[in-house]
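Right, one structure below, let's go through it.
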Amino acid sequence: MTQNSTTQHPATRHTVDNRLVAALAAPNASTRLQAALAAGTHADAGLVDTLTERCGVEPDFFVRDMLTWALTRLPTEVTVERLIVELGAPNPQARSQALHTLSKIGDRRAWAAITSSLMDDDNDEVARSAWRAAVTLVPSGSEAALARTLTAQLGRGDIDVQRSLSRALVALGDAAVPALESVRAHAIATERLMLDPDTDFALEVESAKRVAALGDGA
C-alpha cells in the first residue's frame, strides 16, 4: 500500500460504501469482479485509493481489467495524480497497473512521470506497460526522442516482450525510423569489426548507415 487513506486527496474525502470496499477484497473472484463493476458504475471518487491499491495486489486478470475501467470512470484530476504516486510503489504489479491505467485514461499530464527508468525497469511487465503508456502519452515533437529511448531496449526479453517493444516503435511511425536505422548501422559495423578487427570502425559505421538507409540491395 503506497498511500494511507488518512492522506487522501481532498477531492476523495467522501464517505465510501464499506460493503463495496470489503467486496473488492473478497475471496471469490466473481464477487470482486462484480464489486469493481459497481465501483465503475457509481464512479465514486472516494474509491480512488481503494481501487488503485487493489490493482496492485489483485491476482485475477479480469478483475484487474475491471478495476482499471472503474478508475477511468473517475475524474482525471483525482485519478491521474493518484496513479502517478503509484508509479513509485515497490510492488511491480502496482507500477505496471498504474502505467496501464494511465495509458487508458490518456491524459498527457502524466507524460513527465513516464520516466526512462520505468521504461528500463527490471520487471518486464512494468517496462512493457511503460512503453505502451509512453507511446500513448508522448507529446507532439517528442516522438523521435522516445524512439531513441525505446531502441535501447531492443533484444530484451522473450518473444512477447520483444513483440511489445516492436509494437510500441511501430506506433511511433516515421519518427522511429532514424533511431532504428542508427541501431541497425551500429550492429552491421560491429559485425564487420568482428570479421576484421583492423578495419576503420568510423568508416564502417558510415557505410553501414548507407546500407541501413537504402536497404541491403544498395
Charge dipole magnitude, Cβ of K and R +1, D and E -1 - the stretch 41-102, Cα centre, debye nearest 20: 120
Test item: Cα-centred dipole of the stretch 123-165, Lys/Arg +1 and Asp/Glu -1 on Cβ, debye: 120
Debye equation applied to the C-alpha atoms of the stretch 124-166, log10 I(q)/I(0) at 0.25 Å⁻¹: -0.87
Loop-located trypsin sites (Lys or Arg not before Pro) in the stretch 121-198 whose Cβ has at most 14 other Cβ within 10 Å (DSSP): Arg156
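Values in this text are rule-based calculations from the coordinates and carry no lab data. Please read all numbers here as calculations on a predicted model, not as lab measurements. Backbone-built Cβ (ideal geometry, glycine too); neighbour counts: all protein chains shown.
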